[in-house]
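One structure is given here, and the rest of the page talks about it.
The values are calculated or read from the model by the stated rules, or taken from the named source; none is laboratory data. Just so it is clear, the model here is predicted, and its values are computed rather than measured. Here the Cβ positions follow ideal geometry from the backbone for every residue, glycine too, while neighbour counts run over all protein chains shown. Just so you know, the surface numbers come from the protein's heavy atoms only, side chains and all, with ligands and any DNA or RNA stripped out. Shrake-Rupley method; radii C 1.70, N 1.55, O 1.52, S 1.80 Å.
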Amino acid sequence: MELLPRSPGEFGSARYWDRFFRQRGQRPFEWYGTFPELCPVLHKYVRPRDKVLVVGCGNSELSEQMYDMGVCEDIVNIDLSDAVIRQMQERSGSKRPKMSYLVMDMLQMDFPDAHFQVVLDKGTLDAILTDEEDATLAKVDKMFAEISRVLQVGGRYLCVSLAQAHVLKKAVEYFSKEGWVVRVHQVAGSRDKQQFVLPVFVYVMTKFRKIPGSAPQILEICPEEQDKPMRVESAERLVAAVKDRQHYALLCSQLSKTLCGEQVSLDLCDKESGRPRYTLHVVDSPSVKPSRDNRFAIFIIPQGRETEWLFGTEEGRRQLATSAGFGRLVTVALHREQHYEGMAGIQAELSGKVMELAPPGLPARQQVPFLSVGGDIGERTVQHCDTSPLSGEYVVEDVKGDGSCYFRRLIFLRNRNVVQSEARLLASVPLPGQKKRRKDKKKPSPAEPPTAIDKSYLCCEHHKAMVAGLCLLGGPNPLPGDKAVLVVGLGGGSLPLFIHDYFSRAHVAVVEIDPSMLEVATCWFGFSQGDRMQVHVSDGLDYVAKLAAEGTVSQNIPAQYDAIMFDVDSKDLTVGMSCPPPAFVEKPFLQKVKTILKPEGVFVLNLVCRDIQLKDSVLATLREVFPLLYTRHIEGEVNEILFCQPSSEGQRDPAELGARAQALEQDLRQPGLPWDSSYTLADMLQAVKIL
């Protein structure tokens, strides 16, 4: 049976609707939104004594259910179709004496002005506004004008809609310009029985007297999970907010029907501030054989550990899902700007929402486990936050790692999943003669997190490799003596600080473009300057170019360096290379680097490049300038450490490099200086390749 119109324009034709309802018979036709789903919104905006007009009523049961359930009784229903009005009069005439059905065109109604407190429209606007042709828009303007005419001041126009962008925008712009308050409710639908994939919305337009001049628009959205509306500043933002919810509904529909080949990510935002509160990744593992108990689980990533490889990369999350043994695993990252009430609080907050992401075939009322590392949500304390003109917003935070270890991290919020600098923290030791705090046996308190910086620990794997590369310096003895080292890029200062402390005769110059980073390193990461450590606040490009041009600037700046290290990030996130900025690996600049590097010296570059073609181009340029080039890929990361030397005469095979690194480490283990035994310098050079 053909019930659909030949063209969208027929939706406004009385002949089409007469034919439609004659063919359909007595069976009610609900466009979308059943009474139980709409009831919360109707009860909120329709009072029992209100006089209600339903435009384009069709043979929907909505008016009958409102009458029978006591929402209100004084209801007038109008429709173009004589056939459907006769049906509804026969169906309700004797049962509902206070409700009436009239054949009437809503574009030209016979009612007097200000006759109703509520006008209810369920799908009628959607049926008329099928396109944005001038004739269609003119018809809609006439519809809105008639609704406005018959509504009292303070009355509400309730429009049930699928909220297509052009429909919502038209309604919002028209009524907000008239000075009405516009609020959009998302209707809570049944996950199993919802007829439409897209969610249903109710526009609530409240009539106010139009104030001469430019009165401020009042536009609000009220998501299904909350009653408190959120104010938005423009019609465009309101349309965008609705579109976000529609995309989420489509995503949930897709996830409920099939497993995903690619990982899906989404943010769940705080109701009050609108800022992200949780970041979710949906990871499917087709290799896991499904059973009743392993279809679906939620994994809460402890605070501060979202940047680790296992949690912060697609490959890591895939490995996590497989090892956990679940067909679908949703990982949940917690945001630093938010407060959380422990694992139980997070579970209560997320349990309803994550079920919308459940895989196909999940039994009803299935208990879904919440997993984590160690059963808790970790610890994160923001110590400092600020904004730099060069680096943007940044935070310094302390986080708890595995076991009892704590770490201090510098994070640039423009790239919040990347740890810019990191240092391990040590428990503070009482000064000589200082008494320890007496413990209260009755009220044990948790141990205070440590605050002292462990300068022996290099948290970053690429820093360990860069230090190990110093064994390439010439001479039979791998320990550099009175050596001059230039480090471009300060960050938290852990790399130059390690070189300063463990290479006791080395003179270290650091170039940092951002003065804010020098302040951060000094205040929060234990960095300090002295006779053998100086920081120059300058652009690294200018600093190197000046040295290359002048040979020497002052007594404290050598003409040539034994080692030059580049560990500088790019502020331009649009380039496929995040470290270093492209200008640092252009041939003319690399030639200047070679000019200030001693013939037996080593240039160490931290390269982070996801663009394969760009990376190949960088390596080709480096080979043109430096005859001898070694590379060390950092496992599990994009970083690749390049060791470049001006002469190929000192080429060494990987076995010799390992031996020299081992000897260098023995020399660095000085009495009175702690040494982190979790790695060796020789390990850092085992996978070195000669390009």
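Values computed for the structure shown
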| read-out | value |
| --- | --- |
| Net +/- balance of residues flanking His115 in space, Cβ distance below 15 Å, scoring K and R +1, D and E -1 | 0 |
| Entries of Lys546/Lys598; Lys257/Lys353; Lys51/Lys207; Lys51/Lys210 with Cα pairs more than 21 Å apart | Lys51/Lys210 |
| Residue-span extension gain [Gln254 to Ser504] - 0.36 nm each, minus C-alpha spacing | 83.9 nm |
| Accessible carbon and sulfur surface of the range 109-175 relative to its total accessible area, %, 1.4 Å | 48 percent |
| 5 Å-binned pair-distance histogram of the range 130-194 (Cα, whole percent) | 3, 13, 24, 24, 16, 10, 6, 3, 0 |
| Heavy-atom accessible surface of the range 245-389: percent carbon and sulfur, 1.4 Å | 50 percent |
| Global geometry of the range 506-637, whether rounded, prolate or oblate, following the gyration tensor of its Cα atoms and the 1.5 cut on a/c | oblate |
| Largest-first ellipsoid semi-axes for the range 55-103, taking √(5λ) over the Cα gyration tensor eigenvalues, angstrom | 17, 11, 9 |
| Share antiparallel - DSSP beta bridges, the range 496-619, percent rounded to 5 | 25 percent |
| All aspartates and glutamates inside 13 Å of Lys455 as judged from Cα atoms, apart from same-chain residues fewer than 8 positions distant | Glu422, Asp501, Asp676 |
| Where the Cα pairs of the range 326-400 fall when distances are cut into 10 Å bins, in % | 13, 39, 26, 16, 6, 1 |
| Solvent exposure of the range 258-371 as accessible area per residue, Å², 1.4 Å probe | 48 Å² |
| Ranked packing of 594-601, 496-503, most packed first, by mean Cβ within 10 Å | 496-503, 594-601 |
| The range 258-371 - Rg (one decimal) and Dmax (whole number), Cα, Å | 13.7, 41 |
| Candidate residues His384, His462: accessible-area rank, largest first, probe 1.4 Å | His384, His462 |
| Segments 369-377, 622-630 sorted - mean Cβ within 10 Å per residue, highest first | 622-630, 369-377 |
